[in-house]
Structure formats: C-alpha cells, structure tokens
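Trainee: My questions will all concern the structure given below.
The values are calculated or read from the model by the stated rules, or taken from the named source; none is laboratory data. Just so you know, these numbers come straight off a predicted model, no measurement behind them. Here Cβ is always computed from backbone atoms with ideal geometry, including for glycine, and neighbour counts include all displayed protein chains.
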Amino acid sequence: MTFVSELEPQPLWRHFDQILAIPRPSKGEEGMRRYVLATAERHGLENRRDPAGNVVVVKPGARGREGAPVTVLQSHLDMVQEKNSDVAFDFAKDPIRPARDGDYLTAEGTTLGSDNGIGVAAMLALMEVEPEADGLAHGPLELLFTIDEESGLTGAAQLAGDLLTGRRLLNLDSEEEGSVYVGCAGGVNVHLELPLASAPAGAGSTALSVKVGGFRGGHSGVDIHLQRGNAIQLLGRSLDAARRRGPLRLARFGGGSAHNAIPREASAVVVCADRDREAVADALQGEFAAIASELRPVDPDVRIEVERAPVPARAWEAAASDRALALVLAIPHGVQAMSQDIPDLVETSANLATVIPRDGALELLVSVRSSVDSAKRALAREIEALAALAGARTARDGDYPGWKPDLASELLRTLQAVHRRELGAEPEVKAIHAGLETGIIGEKYPGMDMISFGPQIEFPHSPDERVLIPSVERFWRLLAATLAELA
C-alpha cells in the first residue's frame, strides 16, 4: 500500500492503490478479473462472466430501493502500458510507482492507469459500501467490467447479449470533469485494391524521387475537424498538376502509417522523358508551394523534396498512373457532415489513411467514421462506387457502431439536475468523433439509455498521464448522488 490509500474518498482510492500493483495489459486482464471476483465474493455478491471474459457483479438495492430499475455501471479493466525509454520498469511484475505533484497524482516514468482504473476503483468501492451506514442509497446495480478496450473494443464487441438486465448505463470512462458525453462515432475501414499494369521505363527516361512531409497529422477522429493536410492526397494533387506539364508515369506511390492517423508523410517515384524533367519538377514545386500557403495556419512546416533518382526497370503504364492519381484525388477526406444535435461536433468523416504499392496493384485504406450508422454506410458505399469506376476491388473490415446523441435522454436530464445541485454548475453536454464501448453496448442492448462521465484525467496513454485528485472526490460525490436520484 502507498500514500494513495489515504486520499479521499478512501473507499475508491484504497482500491486504486491495490490496482497499481496488478498487471493489466489489453488481453492480459486475468489478474484484475480475479481481484474483481474476489471482492465480489468477499461481500457475498452474485457475479457472472461471459465467454469473452467480461464480468458483471450484481449488488441489490438499499433498503426501500430494492424495486427501483436496475442501473448498469461500466468500466474497462485494461490499461495502456507505456514508459519513458530511460525508465527501468517491467509491467509484467513491477507495481506502478505513484507520485504526487501538487493536486495531481501521476506515476514515476510510466502510465498511471487512471484510464480506466479510477472508474474500476469506483465500482469496486460500490461493492463494499453499506448503503445505510455510508449514506449511499442506490437501487439495484449491475457492475460491468469489460476487457480489451484499449486495443480495439473487443470486450464490448464480444459482450454476451444476455449478461445485463438493466436498460440505463453509466459509463465511467470519460476524462473531462464538468462534461457528460452522450454520443460517439462508429467506424468501418474500406480497403481498395487497384490493379495497375506496368511496362519498361523506356529509353530516354529519367526518374524523380518526390517526398512530402512535415504535416502535423493527428488522430483521424478527434483531430479531423482541424483540417490539417493529408500527405497522401496532397502528394497526389502535386503529381496530378505535374503530369499536366509533362507526361509522367508512377513507379511507386506510398504513404500513411495507421487507419486512425491522418497521414503525415508520403512519397513517390515518377518516370518521365528527360526533356520534361525540369518542367515536371517545377510543376511539383509550384503546386506544393500553393498547398503550403493554403495550409500555413494549421500546418506551417510542410515541405517537399524533389530529387533525381535511379531509373527503375519498370513503371506503371501512363493510363494506369493517371487512374491511380485520379482515384487518390477523388476519395473523400476530412469532415463530410456536422452534427445537427451537438454544436461543433463532427458527425461523419473519412480519412485516406494509407497507400501501399504491392504486387502490381495499389492498396488504399480509407477509415470512415460517423455517429449515424446509416451515414457511415452511405459514405462507405460512395467510396466503393468511386473504386468501381476506377476498376478497383473493395472490401470492408473493422465495422463498429456509433452512439447517436439523444438529448431527450432521461438519464442525461437526471445527471444534469444532480450536477447542478451537487457541484453548482451546468455540465457541458458533449459527444466525441471516436469509438467508445457505449456505441457497441447500445447496439447489443437496444433501448439502453447511456451517458458517460468521469474525473479530470490528462495525457492518458503516455507517461505524462495524471489525474486531478480533487476531481475524483467530486466525481464520487456526483456518482453517489446520481445513483440515489435514480433509485
């Protein structure tokens, strides 16, 4: 035990202190699951598991509240395990070392695991409190602990459809005090494969290596509204401008790193007649100068490098090169629609995430997001239609549902009233253009009324992660009062 156990509220912090010593990587939550089940059994509480390893603990309501509707509380057991390179630490066996920095709790050179460890600790504390003795008058509770959230929401995706009876859910995985989340985006990946015929480069050819970089990139969900440049698409735009000055063929085109990241770098090798080399190079530089000027407020450090390169033996035929560039330019990227329910919330977006040349074809990946499932499907079909016109094959994967905001939610109205009464302020109602477990749970349990809230957690998923200690006490007070109001 550490100093963390002495923080207030002690029932919550004592459990968090214990959690610090339990390894809990994504897909490796067995130690945490045993801790949850041992706590439940110590207090004689019914518990059940589904085949995926998600756990539900059932706690009866306080005296006089036994007949209230069941409330589900939900947090995930796993954490992101990151450390600074100069820190000697083994997440498989070493307890996380907490440290205090003023009003913040952090860890010594590693992630703290307050995401979602604070939510888990709150639910463990609820197992132990005696409603009559501790003044926490809640109704019947189902405490849902999911697995493997951080690496792909797979615990929620595999959640058994008969594990829960409640139809109102408090997700405790938000990280912004004073906010309540009521929606999130769903997503799907659209894969395109464009066959490209090649031919010898030919006599009198020259080759140019073209690289663009310096883009800020960012998360393809939460940063898409910032309108930062997409390196893949803007390299395509530059090459398209250049081919209008002198015929060119692509020998290589690639860029991007992950489905959920806006591409920061891209590169190509082009072949053209030696007599057209300077015109092509000038056109590339000129078009990219215009791009840099357009992007200066949001992407001030973009750059292009155009250099002579060894002439490859083969390059894609001219018609194939034109078709590839046309497809790259035509694929939608960025914000496609804004929410009509939540001000300033992106509803639907697309991210041209990666382009990879492979085996006589160009493989492209587009990540589609929307908080409205029908809009997500429609945008995916639009991309598939473009692919068909270009002669590309398509496939989808990674489909997960969104959570459409319901501003008429009874649960939302209850929390807003309690927040005003207990904390003296109106909570900010928000949604996020990224995936949350609530979207998946809501699809598995139609009619589930859901909201998400939590304490102030900053810089999660990094060794700078920290939680504002006083916000945890306010979070606990808000949670307890909301449960009492719902009962």
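Trainee: Please go through the range 22-49 and pick out each residue that is in contact with a helix residue (DSSP H, G or I) (Cβ under 9 Å, 6 or more places away or on another chain), assigned to a loop (DSSP other than H, G, I, E, B) and at negative phi.
Mentor: The answer is Ile22, Pro23, Arg24, Ser26, Glu29, His43, Leu45.
The rows are residues; the columns are (1) surrounded by 20 or more Cβ atoms within 10 Å (Cβ to Cβ); (2) touching a strand residue (DSSP E or B) at 6+ places or on another chain (Cβ under 6 Å).
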site: Gln10; (1), (2): no, no
site: Trp13; (1), (2): yes, no
site: Ile19; (1), (2): yes, no
site: Pro23; (1), (2): no, no
site: Ser26; (1), (2): no, no
site: Glu30; (1), (2): no, no
site: Tyr35; (1), (2): yes, no
site: Ala40; (1), (2): yes, yes
site: Leu45; (1), (2): no, yes
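Trainee: Here's another thing I want to ask about it. Any chance you could count how many residues in the range 423-444 are more than 16 Å from Ala185 (Cβ to Cβ) and either surrounded by fewer than 19 Cβ atoms within 10 Å (Cβ to Cβ) or of a type in the set (A, V, I, L, M, F, W, C) (or both)?
Mentor: 7
Trainee: If you check Ala121, Ala68, which single one turns out to be at pLDDT 95 or above, in the same structural domain as Leu411 (by TED's automatic domain parsing), closer than 17 Å to Leu479 by Cβ and assigned to a loop (DSSP other than H, G, I, E, B)?
Mentor: Ala68
Trainee: Applying the selection to the range 394-416, what residues are at pLDDT 95 or above, more than 16 Å from Ala350 (Cβ to Cβ) and surrounded by 14 or more Cβ atoms within 10 Å (Cβ to Cβ)?
Mentor: Correct list: Ser409, Leu411, Leu412, Thr414, Leu415, Gln416.
Trainee: Consider Glu307 against the criteria (1) in a strand (DSSP E or B); (2) in contact with a Lys or Arg (Cβ under 6 Å, 6 or more places away or on another chain); (3) acidic (Asp, Glu): it satisfies all of them except one. Which criterion is unmet?
Mentor: Status for Glu307: all satisfied but (2).
Trainee: With Ser151, Ser75, Ser114 as the choices, which residue is among the polar types (S, T, N, Q) and surrounded by fewer than 23 Cβ atoms within 10 Å (Cβ to Cβ)?
Mentor: Exactly one of Ser151, Ser75, Ser114 is among the polar types (S, T, N, Q) and surrounded by fewer than 23 Cβ atoms within 10 Å (Cβ to Cβ), namely Ser151.
Trainee: Let me ask something additional. Can you tell me which of Ala99, Ala92 is in contact (Cβ under 8 Å) with a residue 24 or more places away in the chain, surrounded by fewer than 21 Cβ atoms within 10 Å (Cβ to Cβ) and either in a helix (DSSP H, G or I) or not aromatic (Phe, Trp, Tyr) (or both)?
Mentor: Ala92
Trainee: Please work out which residue is farthest from the chain's Cα centre (by Cα), limiting yourself to the range 434-478 and to residues that are among the acidic types (Asp, Glu) and in a loop (DSSP other than H, G, I, E, B).
Mentor: This residue is Asp464.
Trainee: Go through the range 391-412 and give me each residue that's in contact with a Leu (Cβ under 8 Å, 6 or more places away or on another chain) and among the hydroxyl-bearing types (Ser, Thr, Tyr).
Mentor: Correct list: Thr394, Tyr400.
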